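To start, the structure itself, in structure tokens.
The values are calculated or read from the model by the stated rules, or taken from the named source; none is laboratory data. Remember, predicted model here, so these are calculated numbers, not experimental data. Cβ sites come from the backbone with ideal geometry, for glycine too, and all protein chains shown count toward neighbours.
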Amino acid sequence: MGELPGAVLFDLDGTLLESEQLWMQSAVEVMNALGSVWSDEDQAKFIGGPLALAAEHMSQRVDKKTSAGDIAGKLLMAQEEQIRRCVLPWKPGALPLLREAADTNLPRALVTASWRRLVDVLVERINVDVGARAFTLEVAGDEVSNGKPDPEPYLKAAKALLVPPVQCLVVEDSPKGVQSAVSAGCHVVAVQDSSFTESAGVMVVESLEAQTLENLWLGVTT
């Protein structure tokens with residue numbers, strides 16, 4: 001095996017799992033119950049960003065008695081219920097890549113805007129599909145002061161893994177996430193978004209299918 005990164009840091013929604021649609025369904029369900037609506041355009045504004053920002057935006061469109069915190073709680077509850085009853089919607093190539101990372105025993109982290117209570121439910125399900133402990137650690141959206149696109153989430157993960165950011169391979173799918181990882185000084189694989197452009201330390205791929213850690217690391221470092 002050739003050279004590998006010092007650590008692999010994975011985004012979750014839209015990168016490993018096709019969960020953006022689950023979030024959309026949860027948001028529509030919550031907003032409808034509160035007498036309002038949620039559109040594809042609304043959802044697009046908050047992909048990859050902190051849940052608190054989406055909840056704050058929602059709170060401005062419903063009865064003032066319903067706070068952003070209340071809405072965040074309702075969203076998390078709706079999303080938990082969906083995750084517990086669904087087959088995990090893996091993105092192409094994501095599960096084999098996670099299994100490879102676990103097999104090589106590289107330090108690896110999940111870095112997500114999802115909150116801890118939801119992360120715990122998801123990681124339990126992910127570990128079953130991977131057949132091993134998928135992540136050395138997780139950085140959840142409610143465990144940082146500044147979410148993506150701020151570099152804090154990826155800096156926190158790298159520090160916790162004791163690996164310099166420049167030795168970290170980040171796998172992301174959203175502009176906010178890519179900006180966060182680049183600002184942290186990591187090497188980034190950006191998946192599937194046509195707005196991405198390749199630059200120093202950033203490689204764009206259509207899919208993770210048939211990709212290996214060695215190939216991805218070679219692609220972002222040469």
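Criterion first (touching a Ser or Thr at 6+ places or on another chain (Cβ under 8 Å), hydrophobic (A, V, I, L, M, F, W, C) and more than 24 Å from S180 (Cβ to Cβ)) does A78 satisfy it?
In short, yes.
Name every residue in segment 9-57 that is more than 20 Å from W115 (Cβ to Cβ) and assigned by TED's automatic domain parsing to the domain that holds V163, in order of residue number.
Answer for segment 9-57, where residues must be more than 20 Å from W115 (Cβ to Cβ) and assigned by TED's automatic domain parsing to the domain that holds V163: there is none.
Scanning segment 173-215 for residues that are charged (D, E, K, R) and surrounded by 15 or more Cβ atoms within 10 Å (Cβ to Cβ), which turns out nearest to F10 (Cα to Cα)?
D173
Among residues belonging to segment 7-27 that are more than 16 Å from A102 (Cβ to Cβ) and more than 14 Å from the chain's Cα centre (by Cα), point out the one that is surrounded by the most Cβ atoms within 10 Å (Cβ to Cβ).
Restricting to residues being more than 16 Å from A102 (Cβ to Cβ) and more than 14 Å from the chain's Cα centre (by Cα), the top hit is A27.
Among the residues of segment 78-125, how many are more than 19 Å from Q211 (Cα to Cα) and not acidic (D, E)?
22
Find the strands (runs of 3 or more DSSP E) located wholly in segment 126-213 whose residues include 1 or more that are free of Cβ contacts under 8 Å to residues at least 60 places away in the same chain, and list them.
Where strands (runs of 3 or more DSSP E) fall fully within segment 126-213 and carry at least 1 residues being free of Cβ contacts under 8 Å to residues at least 60 places away in the same chain, they are 137-139, 187-191, 202-205.
Condition first: surrounded by 17 or more Cβ atoms within 10 Å (Cβ to Cβ) and in contact with a helix residue (DSSP H, G or I) (Cβ under 6 Å, 6 or more places away or on another chain). Now tell me which residues in segment 48-65 satisfy that.
Answer for segment 48-65, where residues must be surrounded by 17 or more Cβ atoms within 10 Å (Cβ to Cβ) and in contact with a helix residue (DSSP H, G or I) (Cβ under 6 Å, 6 or more places away or on another chain): G48, G49, P50, L51, A54, A55, M58, S59.
If you go through segment 78-123 one residue at a time, how many are hydrophobic (A, V, I, L, M, F, W, C) and in a helix (DSSP H, G or I)?
Here the count works out to 13.
How many residues are touching a residue at least 40 places away in the same chain (Cβ under 8 Å) and either surrounded by 21 or more Cβ atoms within 10 Å (Cβ to Cβ) or within 20 Å of L162 (Cα to Cα) (or both) when one looks only at segment 98-113?
Summing the residues that are touching a residue at least 40 places away in the same chain (Cβ under 8 Å) and either surrounded by 21 or more Cβ atoms within 10 Å (Cβ to Cβ) or within 20 Å of L162 (Cα to Cα) (or both) in segment 98-113 gives 11.
Would you mind listing the helices (runs of 4 or more DSSP H) fully within segment 17-68 where at least 3 residues are over 21 Å from D150 (Cβ atoms) and at pLDDT below 85?
20-33
For the subset of segment 94-122 comprising residues that are over 9 Å from V8 (Cβ atoms) and among the basic types (K, R), which member is farthest from the chain's Cα centre (by Cα)?
Selected residue: R99.
Go through segment 119-141 and give me each residue that's of a type outside the set (V, I, T) and under 19 Å from E172 (Cα atoms).
Matches in segment 119-141: L122, A134, F135, L137, E138, A140, G141.
Mind checking which residues of segment 68-113 are in contact with a helix residue (DSSP H, G or I) (Cβ under 6 Å, 6 or more places away or on another chain), more than 15 Å from I126 (Cα to Cα) and in the same structural domain as L34 (by TED's automatic domain parsing)?
Matches in segment 68-113: A68, I71, A72, K74, L75, L76, A78, Q79.
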